[in-house]
Amino acid sequence: MKIAVIHDAPIPSPSARQILIALVKRGVEASYLRISKITGVVEDSGYILNYGRKRLSIEGALVRSIGIISSVETLMKRIDILREIELSGRPVINSPDSILKARDKFTAMQILKLRGLRVPPTVVTEDLYLIPEIIKEWGSAVIKPLVGSMGYGAILVKDPDVGFMIGKAWLTHGQPILIQKYMRKGQRDIRIIVSGGRVLGGIYREAVEGVWKTNVAQGARVRKAEISHELEEMAIKSTEVLRLKYSGVDIGETDEGYVIYEVNAMPNWQGFMEATGINPAESIAELIIRELKS
């Protein structure tokens, strides 16, 4: 059984290494592949994939990252590569189409809302003059990239003029604006890891003093959270409606109840492991092995 762990860092990330170890423990021939080094080739015999100059020979793939995306073309090439692995009958977790849906924050919000899950009011626009009007109406808003991770680029805005200037800068560079109503009670949110249709556990991510972001990559503190039945249902349903096999679901506590901020198709779990002692790599390795045996 040959399974690839796909990322793009020159050296495997901690989560990628943990999955490699979990696979090897189960007797799998595991390899680490950089997605930027995978090449698609169309020739007389059909469509093939090469890694460098060698024919790629794997039976399945676990995607930990699709790397830094600098253009739409790069994103589409990497999704095309993953899609070809999948179309050739080899399982890919998470699937490329599910990754694309989750990575596009507005599409994810649309799908979650349509399936009855509560999300913050969200707007995507290229209308510069709409931005300050929305901030006036909501009072506080988060302006964030349409595609992004680890909280980088997200800005909490309360001043309509500041929102206008941020929007002007982004639109000048051809970037549409995603605006989300700021809804959070206190200085924390909840990250829940879901794998194989069940909740592995959850943590509180608590922002450090003077910082509003709760991302672990931005210095947030973590501690184990007790997951209620309501939170468990929200996390599992949001993962399922985006057709993900595993995810990190970010949920906020508000005066009106819980809201889903984001569903991550390639979540990091360093903070989760620290707080819970649970290594998601073990469950994720089992997922791909079950897919291959089914």
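All of the numbers you see were taken from the coordinates with simple rules; none came from a lab. From a predicted model like this one, the values you see are computed outputs, not experimental measurements. Note that we place each Cβ from the backbone using ideal geometry, even for glycine, and neighbour counts take in every protein chain shown.
Computed with the Debye formula from one identical point scatterer per Cα of the stretch 122-181, without solvent, the log10 of I(q)/I(0) at q = 0.24, 0.27 Å⁻¹ comes to -0.92, -1.17. What list of ³J(HN,Hα) couplings, whole Hz, do you get for the stretch 96-108 from phi and the Karplus terms 6.51, -1.76, 1.60, once you set θ to phi - 60° and write x for glycine and proline? Those phi angles translate into x, 5, 5, 4, 4, 5, 5, 6, 7, 4, 6, 4, 4 Hz.
How charged is the neighbourhood of residue 237? Take every other residue with its Cβ under 13 Å from the Cβ of residue 237, and add Lys/Arg as +1 and Asp/Glu as -1. Walk me through the numbers on the way to the answer.
Numbers: positive: 113, 115, 118, 198, 243; negative: 230, 232, 233, 240.
Value of the local net charge: +1.
Couplings for the stretch 27-33, taken from phi via the Karplus curve 6.51 cos²θ - 1.76 cosθ + 1.60 with θ = phi - 60°, read x, 8, 7, 9, 9, 10, 10 Hz in order; Gly and Pro are left as x. Full extension of the chain between residue 137 and residue 158 gives 6.5 nm of extra length, using 0.36 nm per residue less the Cα-Cα distance.
Hull volume per residue, based on the alpha-carbon atoms of the stretch 43-188 and their convex hull, is 160 Å³. Taking GluC sites (Glu not before Pro) across the stretch 202-294, the ones in a DSSP loop with at most 11 further Cβ atoms lying within 10 angstrom of their Cβ are 209, 226, 256. Near residue 224, which lysines are there with a Cα under 20 Å away, not counting those fewer than 8 places off in the same chain? Here the lysines satisfying the reach criterion relative to residue 224 are 185, 213.
Put simply, the convex hull of the Cα atoms in the chain casts, on average, a shadow of 16.5 nm².
Please compute, over every Cα-Cα pair in the stretch 184-284, the percentage with a separation greater than 18 angstrom. Before the final figure, lay out the partial values.
Values: 2072 of 5050 pairs.
Every Cα pair in the stretch 184-284 considered, those over 18 Å come to 41 percent.
Between residue 230 and residue 53, the FRET efficiency from the beta-carbon distance, with R0 = 41 Å, is close to 0.20. Residue-wise HN-Hα couplings along the stretch 238-244, as the Karplus relation 6.51 cos²θ - 1.76 cosθ + 1.60 with θ = phi - 60° gives them from phi, are 5, 5, 5, 5, 8, 6, 9 Hz; Gly and Pro carry x.
Computing Rg and the Kirkwood Rh from the Cα coordinates of the stretch 3-50 gives a ratio, Rg/Rh, of 1.11.
Working from Cα positions, state the angle (0 to 90°, nearest 10) between the long axis of helix 14-25 and the longest principal axis of the chain. Tilt relative to the chain: about 30 degrees. Backbone amide hydrogens, once placed in the peptide plane, bring residue 66 within less than 5 Å of nothing, excluding anything fewer than 5 places away on its chain. Here the scattering of the stretch 2-96 is modelled by Debye summation over its C-alpha atoms, one equal scatterer each and no solvent; at q = 0.11, 0.17, 0.21, 0.23 Å⁻¹ the log10 of I(q)/I(0) is -0.30, -0.72, -1.09, -1.28.
Which entries of 77/293; 105/144; 54/245 show an alpha-carbon separation above 20 angstrom in the structure shown? Before the final figure, lay out each step's value.
Working: 77/293 29 Å; 105/144 9 Å; 54/245 30 Å.
Over 20 Å Cα-Cα: 77/293; 54/245.
Can you put 269, 170, 212 in order, fewest other beta carbons within 10 Å first?
On the way: 269 24, 170 20, 212 16.
By the 10 Å Cβ count, ascending, the order reads 212, 170, 269.
Only aspartates and glutamates eight or more places from residue 25 in sequence, or on another chain, were considered; those with a Cα closer than 19 Å are 59, 282, 286, 291.
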